[in-house]
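The structure is given below, and queries will be raised subsequently.
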Amino acid sequence: MSQEKSLKPSNCLTEAPEPASENIRLQIELRLSLDEVANASAEVLRSKELRIPTRRELSQLACRIYDARRTRDRMLDRQMFGEPAWDMLLALYCLPARGELLGITALTLAADVPQTTGHRWQAMLTDEELIERGPAGMDARRQNVRLTAKGRTLLEAYLTRLYYCDTPVPPFPEAAGG
């Protein structure tokens with residue numbers, strides 16, 4: 001009996017980080033990365049006096065990136081890769097140009113992740129004011145998801161930077177044509 005009272009929990013056990021703190025860390029990293037991309041893109045455009053690509057050109061680039069990621073997922077174990085937020089942003093940028101409007105479930109399917117994961121990432125992207133649901137007042141299950149003005153601006157800044165990179169993004173158009 002006296003031995004039981006003297007037992008103390010081990011100090012060597014560490015607690016896992018709380019999900020909320022991990023979410024905050026991810027949000028901060030995303031915000032810093034997007035700010036860095038926007039600043040770098042602006043600097044490139046200022047230094048080279050390049051024309052700003054059209055929205056159509058950026059949409060085509062986003063679709064090539066999105067399609068390349070889906071091809072990669074079919075060819076390689078998708079468990080090795082995981083960027084649902086990026087897949088969602090790309091899908092919201094390029095798929096409407098193809099005539100596809102995305103609801104909550106469709107956006108999760110576009111990122112090829114389980115529903116719970118998709119909902120968690122959509123909540124984070126909404127909190128970051130990169131995506132939004134609408135129209136307001138409609139049943140949430142029937143609302144479409146779209147990029148906010150902020151989300152579109154940041155994505156276009158990043159895509160513009162990629163547009164002017166020396167290395168083309170697969171799939172390479174010249175290889176596809178023959």
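Could you please let me know if residue 173 is surrounded by fewer than 18 Cβ atoms within 10 Å (Cβ to Cβ) and either within 24 Å of residue 56 (Cα to Cα) or at pLDDT below 85 (or both)?
Yes, satisfied.
Are there any pairs, at least 6 apart or on different chains, whose C-beta atoms fall under 7 Å, with the first in segment 15-38 and within 26 Å of residue 162 (Cα to Cα) and modelled with pLDDT under 75 and the second surrounded by 11 or more Cβ atoms within 10 Å (Cβ to Cβ) and of a type in the set (Gly, Ala, Ser), and if so, which?
Hits for this filter: 37/157; 38/157.
Still on this structure, please answer the following. How about segment 85-109: which of its residues are in a helix (DSSP H, G or I), out of contact with any Cys (no Cβ under 9 Å at 6 or more places or on another chain) and surrounded by fewer than 22 Cβ atoms within 10 Å (Cβ to Cβ)?
Hits for segment 85-109 are 85, 86, 96, 104, 105, 106, 109.
Say we look at segment 56-84 and pick out the residues that are of a type in the set (Ser, Thr, Tyr) and surrounded by 13 or more Cβ atoms within 10 Å (Cβ to Cβ); which of these is nearest to residue 120 (Cα to Cα)?
Applying the filter and picking the extreme gives 66.
Could you check segment 73-84 and list, in sequence order, the residues that are in a helix (DSSP H, G or I) and either closer than 19 Å to residue 25 by Cα or in contact with a Pro (Cβ under 7 Å, 6 or more places away or on another chain) (or both)? First the steps, then the outcome.
Step one: list which residues in segment 73-84 are in a helix (DSSP H, G or I), which gives 73-75, 78-80, 84.
Listed by number, the list holds a single entry, 84.
Restricting to segment 112-141, count the residues that are within 13 Å of residue 92 (Cβ to Cβ), in contact with a Ser or Thr (Cβ under 8 Å, 6 or more places away or on another chain) and in a helix (DSSP H, G or I).
The qualifying residues number 2.
Conditions (1) more than 29 Å from residue 51 (Cβ to Cβ); (2) in contact with an Asp or Glu (Cβ under 9 Å, 6 or more places away or on another chain), marked per residue:
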position	(1), (2)
80	yes, no
90	no, no
106	yes, yes
110	yes, yes
119	yes, no
127	yes, no
131	no, no
142	yes, no
153	no, no
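The rows are residues; the columns are (1) of a type in the set (Lys, Arg); (2) at pLDDT below 90; (3) out of contact with any Leu (no Cβ under 6 Å at 6 or more places or on another chain).
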| site | (1), (2), (3) |
| --- | --- |
| 117 | no, no, yes |
| 120 | yes, no, yes |
| 123 | no, no, yes |
| 127 | no, no, yes |
| 130 | no, no, yes |
| 149 | no, no, yes |
| 153 | no, no, yes |
| 169 | no, yes, yes |
| 177 | no, yes, yes |
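The values are calculated or read from the model by the stated rules, or taken from the named source; none is laboratory data. From a predicted model like this one, the values you see are computed outputs, not experimental measurements. Using ideal geometry, Cβ is built from the backbone for each residue, glycine included, and neighbour counts are taken over all protein chains shown.
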